[in-house]
Ligand SMILES: Cc1cc2nc3c(=O)[nH]c(=O)nc-3n(C[C@H](O)[C@H](O)[C@H](O)COP(=O)(O)OP(=O)(O)OC[C@H]3O[C@@H](n4cnc5c(N)ncnc54)[C@H](O)[C@@H]3O)c2cc1C
């Protein structure tokens, strides 16, 4: 097996780009792959001067990142629309061309995984219905087509992203009819004072937009049920003992972010144990867009310290520590104060959308004593579907804990093996017989 000289960086968001530039600056060649057709990640994709999705602060960060990437263009090979599938035990990385679905392989010197975060969605009866989307998904759609969807929209769940998406909808001409927040963020005012100024400024700008468009922000409330009506949805909102029902066209749900690591190799900084793997950005810990570049550079510095043993191991940068504190404070401010325990939801509430497994199915499965996470998966089929538990493992295990008192790690249900994204057996078989497949990587676009 010949080892390429390249360091493979998976994910072309701010963390991956910053890591790529730092590694290139140190004299190494880099392959930077991203499943999406353009770089920028969740925050910067489609960032343009007139975009309502990006503030002046973020726009200047993005412009600086683009310039840095350009400056290192000779050492960084960008592979867009290329998905990382997995890393085998011999250090061979399998990638997939997202256009023709063919596989390719590389044997990199080291890998930095910067695949960002995915949204948490807390199940409610009816959340599996058509026209119930995630708030982040709605935002991605708006970024892609620069228009807001038609019809009445309710945004519900928990966290600051609800405000961001609501303000963006308003700016695009269709403010939501309400934001339903399960925390009471306006109560702990002293906590707000401890946030960095940039956070307060960003929150105020959303708040002003929402005031201007008279969008109600209902706090300490949650959606109790979503049901179908004619060609739309009927949503029951509970706040304390009062309930209200609204007819809407779209419901957007969001309950915070979790690192996107399903199927990804774990960190390894011991050369004797195999290829070096490091995690960066939200994939390491969801610390937000302001922390991602620093996190990427820190991962690169950790890698360089392993590749060049004379280099001192880097300390965690102050900026990163400050962002971690700010995120912890945000979590306290937005701490949910009201929602239904999962086990109290009606038996028909879907938990695992891929396999259509419900609260009732899980309740029945857990009647037996000492059901392990593996049994929940293998016997109950929770987390068995296409998403491999990315979206349902947490809720499944939360409900198991509510009913049995037993805690399981998410990984004990999902396991941790590749493929990280689906690939056909045919593509893998062709990979084994066709040595030219490695060259497929070379034909990818190198523009940013
Ligand atoms: C849905 C969503 C909405 C957000 N909205 C906001 C917002 O409005 N304001 C704000 O300040 N912050 C927002 N954030 C947070 C902010 O986007 C992140 O903190 C920041 O982008 C993290 O940067 P990153 O480089 O770690 O990850 P990301 O920017 O998420 O980049 C990860 C990249 O990895 C790629 N990737 C993932 N899996 C693979 C794979 N298998 N193979 C190849 N590539 C892969 C993705 O395509 C993506 O480009 C949002 C996050 C999410 C998930």
Exposure proxy ranking, count of Cβ atoms within 10 Å, fewest first, for 408, 279, 246: 246, 408, 279
Over 19 Å [Cα-Cα, region 132-255], rounded percent: 48 percent
Cut-off 12 Å (backbone N to label point 7 Å along Cα→Cβ of residue 218), residues of region 152-168: 154-157
Percent antiparallel among DSSP beta bridges (both partners in the chain, rounded to 5): 50 percent
Inter-label distance for residue 172 and residue 307, nm, one decimal - labels placed 7 Å from Cα along Cα-to-Cβ: 3.9 nm
Packing-based exposure ordering (other Cβ within 10 Å, fewest first) of 63, 225, 290: 63, 225, 290
Scaled radius of gyration (Cα, divided by 2.2 N^0.38 Å) that region 235-295 gives: 1.93
Two-site label geometry, residue 356 and residue 129: point separation in nm, points 7 Å out along Cα→Cβ: 1.7 nm
CD proxy at 222 nm, helix term only [per DSSP H run n ≥ 4: -39500 (n - 2.57); per residue of the chain; nearest 500]: -10000 deg cm²/dmol
Rounded tilt (10° steps) of 393-404 against the dominant C-alpha axis of the chain: 50 degrees
Gyration tensor (alpha-carbon) shape descriptor, region 270-377, a/c threshold 1.5: oblate
Unit Cα scatterers, Debye sum, region 346-414: log10 I(q)/I(0) for q = 0.17, 0.18, 0.27 Å⁻¹: -0.48, -0.54, -1.32
Spin-label model distance (nm) - residue 59 vs residue 92, 7 Å beyond Cα toward Cβ: 4.8 nm
Segment residue 147-residue 25, extension gain: residue separation times 0.36 nm, minus the distance between their alpha carbons: 40.0 nm
Computed lengthening from residue 402 to residue 201, 0.36 nm per intervening residue step minus Cα-Cα distance: 68.5 nm
Per-bin percent of Cα-Cα distances, the chain [10 Å]: 4, 19, 28, 27, 16, 4, 0
Convex hull volume of region 309-361 per residue (C-alpha atoms, cubic angstrom): 169 Å³
Mean separation of Cα contacts under 8 Å, 6 or more apart, over the residue count of the chain: relative contact order %: 20 percent
Gyration tensor (Cα) of region 107-174, equivalent ellipsoid semi-axes in angstrom: 28, 17, 12
Sequence of 342, 365 once ranked by neighbouring C-beta atoms within 10 Å, starting from the fewest: 365, 342
Rg and Dmax [Cα atoms of region 193-346; Å; Rg one decimal, Dmax integer]: 21.7, 69
Relative contact order for region 132-255, counting Cα pairs under 8 Å that sit 6 or more residues apart, in percent: 34 percent
Within region 247-283: backbone nitrogen closer than 14 Å to the residue 409 label point (7 Å, Cα to C-beta): 261-268
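Each value in this text was obtained by applying a stated rule to the coordinates, not by laboratory testing. Just so you know, these numbers come straight off a predicted model, no measurement behind them. Glycine gets a Cβ as well: all are built from the backbone with ideal geometry, and neighbour counts include every protein chain shown.
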